[in-house]
Amino acid sequence: MVTLKTQSFKENPGRCRMAAVNMSDLHEEGKNAINAPLLPSATDIHPEDTLLEENAERIMLDPSSRENLKFKDLLKVLIDWINSELEEERIIVKDLEEDCYDGQVLQKLFEKLSGRKLNVAEVTQSEIGQKQKLQTVLESVNELLRPHGWTIEWSVDSIHSKNLVAIVYLLVALAMHFQAPIRLPEHVSAQVVVVKKREGILQTAVVTKELTSTTEMMLGRFERDAFDTLLDHAPDKLNVVKTSLITFVNKHLNKLNLEVTELESQFADGVYLILLMGLLEDYFVPLYNFFLTPESFEQKVHNVAFAFELMQDGGLKKPKARPEDVVNLNLKSTLRVLYNLFTNYKNTE
């Protein structure tokens with residue numbers, strides 16, 4: 001049997017000290033309650049945010065943006081792209097925050113895309129080692145991208161602290177620069193909560209970050225050519241160019257009793273491009289190599305990508321356009337592909 005013995009404050013002076021501590025805690029809770037209206041109700045402020053030093057700040061993704069369908073779609077596209085690029089490395093990314101923060105995946109991805117080998121340790125477990133690797137990787141990335149006008153929206157600390165917006169900014173920049181064979185969702189933005197400490201008080205602000213723009217703008221960031229000038233400044237001459245290209249392709253497709261009247265739509269499934277390459281290079285393309293009547297977006301992309309491979313086999317440079325953009329009826333992309341054929345095969349009978 002346990003007997004409980006009560007004690008007065010005089011009998012136990014330690015309890016007086018405990019009461020004082022409790023009063024201090026109560027005062028702190030009251031202070032926090034006064035400051036609470038400054039914090040967005042939908043945002044979870046982590047305990048470490050309250051430990052910010054004076055004038056320091058922390059940036060977090062707003063939970064509402066994390067649940068945005070377009071944002072989720074962008075994350076999936078980027079994850080699938082990374083896994084496709086690093087398939088030979090047997091690297092599988094499931095979560096961008098958890099899998100990219102230590103620099104290992106970013107190192108392998110940059111090396112694959114750029115063809116450059118970075119002088120970094122293969123495996124780093126310590127925080128210092130991870131940040132050193134990130135430093136080397138990001139210096140190489142920034143050195144490559146900055147001359148092309150990119151605003152650097154990432155840093156060693158932001159990536160290592162698993163700032164998802166910074167990670168996405170970096171991956172989108174790499175995908176655009178290296179013209180990845182993916183279609184980034186348009187007009188994706190995210191709201192971030194910026195938490196700062198001023199005079200001991202946490203202050204917050206919600207800022208909208210634009211992660212992607214239109215496909216046309218994203219493609220045009222690094223590529224301005226005669227077709228940009230034509231469509232921007234001399235649209236009246238566009239029909240002349242289209243007529244010349246239609247005449248060229250029909251000269252060859254007519255041999256198969258095929259005829260083109262609309263460039264952007266009739267080449268979108270890749271079938272005419274494949275048949276045209278066979279005619280120009282004088283060979284038969286086996287039907288099992290492509291979809292003669294493609295139904296899905298993926299099948300059409302397969303066809304256009306296969307046509308691009310045939311072009312490269314014929315000695316042409318890799319088309320600047322992406323298969324996805326031809327399939328999506330992007331006129332400039334289709335014109336670029338056909339004009340490239342025209343300049344190389346215009347004298348072919």
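Pull up the stretch 253-276, narrow it to residues that are in contact (Cβ under 8 Å) with a residue 40 or more places away in the chain and at negative phi, then point me to the one that is surrounded by the most Cβ atoms within 10 Å (Cβ to Cβ).
In this case the residue turns out to be Leu273.
Looking at (1) surrounded by fewer than 19 Cβ atoms within 10 Å (Cβ to Cβ); (2) more than 26 Å from Ala175 (Cα to Cα); (3) in contact with a Leu (Cβ under 8 Å, 6 or more places away or on another chain), which is the only condition Leu279 fails?
(1)
For the structure I just gave you, tell me whether Phe290 is modelled with pLDDT of 90 or more and either assigned by TED's automatic domain parsing to the domain that holds Glu186 or over 28 Å from the mean Cα position of the chain (by Cα) (or both).
Against the criterion (modelled with pLDDT of 90 or more and either assigned by TED's automatic domain parsing to the domain that holds Glu186 or over 28 Å from the mean Cα position of the chain (by Cα) (or both)), Phe290 qualifies.
Let's see how each residue does on (1) polar (S, T, N, Q); (2) modelled with pLDDT under 90; (3) within 16 Å of Arg183 (Cβ to Cβ):
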position: Pro294; (1), (2), (3): no, no, no
position: Leu310; (1), (2), (3): no, no, no
position: Lys317; (1), (2), (3): no, yes, no
position: Glu324; (1), (2), (3): no, yes, yes
position: Asn340; (1), (2), (3): yes, yes, no
position: Thr343; (1), (2), (3): yes, yes, no
position: Asn347; (1), (2), (3): yes, yes, no
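Assess whether Pro40 counts as being over 17 Å from the mean Cα position of the chain (by Cα), surrounded by 11 or more Cβ atoms within 10 Å (Cβ to Cβ) and modelled with pLDDT of 80 or more.
Against the criterion (over 17 Å from the mean Cα position of the chain (by Cα), surrounded by 11 or more Cβ atoms within 10 Å (Cβ to Cβ) and modelled with pLDDT of 80 or more), Pro40 does not qualify.
Tell me the residue from Ile167, Ile159, Ile128 that is part of a helix (DSSP H, G or I) and closer than 24 Å to Glu324 by Cβ, please.
Ile167
Can you tell me which residue within the stretch 224-249, out of those that are in a helix (DSSP H, G or I) and small (Gly, Ala, Ser), is modelled with the lowest pLDDT?
That would be Ala226.
Go through (1) over 28 Å from Val194 (Cβ atoms); (2) of a type in the set (Lys, Arg); (3) touching a residue at least 12 places away in the same chain (Cβ under 8 Å) one by one and return the number of the condition Lys117 breaks.
Checking Lys117 against (1) over 28 Å from Val194 (Cβ atoms); (2) of a type in the set (Lys, Arg); (3) touching a residue at least 12 places away in the same chain (Cβ under 8 Å), the one that fails is (3).
Check the stretch 210-220 and report whether any residue there is surrounded by 14 or more Cβ atoms within 10 Å (Cβ to Cβ), at pLDDT below 80 and of a type in the set (Ser, Thr, Tyr).
Yes, the stretch 210-220 contains at least one residue that is surrounded by 14 or more Cβ atoms within 10 Å (Cβ to Cβ), at pLDDT below 80 and of a type in the set (Ser, Thr, Tyr).
The values are calculated or read from the model by the stated rules, or taken from the named source; none is laboratory data. Since the structure is predicted, the reported quantities are computational estimates derived from the model, not experimental observations. Here Cβ is always computed from backbone atoms with ideal geometry, including for glycine, and neighbour counts include all displayed protein chains.
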